[in-house]
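To start, the structure under review is shown below, and the notes come after it.
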Amino acid sequence: SVTGVQTCALPICDTGYTGSASTVIGYTGSIGYTGSAGTSEFKILLSLTTPNQTVDSYDKSVFRSAKYVVQAVNATYGVHSCEVLLTHDDTDVYPTVYAQIYSGSALITTSAAIDSSNVYLTITPVYTNTYITVNRTALTV
């Protein structure tokens, strides 16, 4: 079950994300757009350590693959950055996390989910009040 879903439309994500434990704090808008694929960037606060909080989603009939650069910042525990690559076959989503670097210890775990319409990037923060900045580049089906 996926909760707190942010809806996305071409070319950028909706800035009205209010997920169950998250708040959008800043949004830089579209930073690039070529054809029908898009790039978006936004920042949210994950105030709870609830597992698998949805931080982005996209329409699986429009986008096949997405690459994310994710940055997590916690005032007490430091910084954690990583890249996440997702692709799907309309039934399953296949995520991989790589290029992880952090100043102390890992602040987040990332995962992905898929349903009949969308693909979701989910994050589980280790600590409360962790700020997440996400940059997504998506490729069309």
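The values are calculated or read from the model by the stated rules, or taken from the named source; none is laboratory data. Note that this is a predicted model, so its numbers are computed, not measured. Every residue, glycine among them, receives a Cβ derived from its backbone with ideal geometry; neighbour counts consider all protein chains shown. With ligands, DNA and RNA removed, areas are computed over all heavy atoms of the protein, side chains included. Shrake-Rupley method; radii C 1.70, N 1.55, O 1.52, S 1.80 Å.
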Subject >> Test result for Ala37, surrounded by 14 or more Cβ atoms within 10 Å (Cβ to Cβ) and at pLDDT below 85 >> reply: yes
Original post:
Considering Val119, Val69, which residue is within 16 Å of the chain's Cα centre (by Cα), touching a residue at least 40 places away in the same chain (Cβ under 8 Å) and open to solvent by 60 Å² or more (accessible area, probe 1.4 Å)?
Top reply: Val69
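Please note which strands (runs of 3 or more DSSP E) are completely contained in the range 65-120 and include at least 2 residues that are within 14 Å of Tyr131 (Cα to Cα) and at pLDDT 95 or above.
78-88, 108-114
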**OP:** May I ask you to list the residues in the range 79-116 that are open to solvent by less than 70 Å² (accessible area, probe 1.4 Å), among the hydrophobic types (A, V, I, L, M, F, W, C) and under 21 Å from Thr39 (Cα atoms)?
**Re:** Cys82, Val84, Leu86, Val93, Val97, Ala99, Ala112, Ala113, Ile114
Original post:
Across the range 87-116, what is the number of residues that are of a type in the set (Asp, Glu) and either farther than 19 Å from Asp59 by Cβ or without any contact (Cβ under 8 Å) to a residue 24 or more places away in the chain (or both)?
Top reply: 2
Original post:
Restricting attention to the range 125-141, which residues are surrounded by fewer than 16 Cβ atoms within 10 Å (Cβ to Cβ) and assigned to a strand (DSSP E or B)?
Top reply: Leu139, Thr140
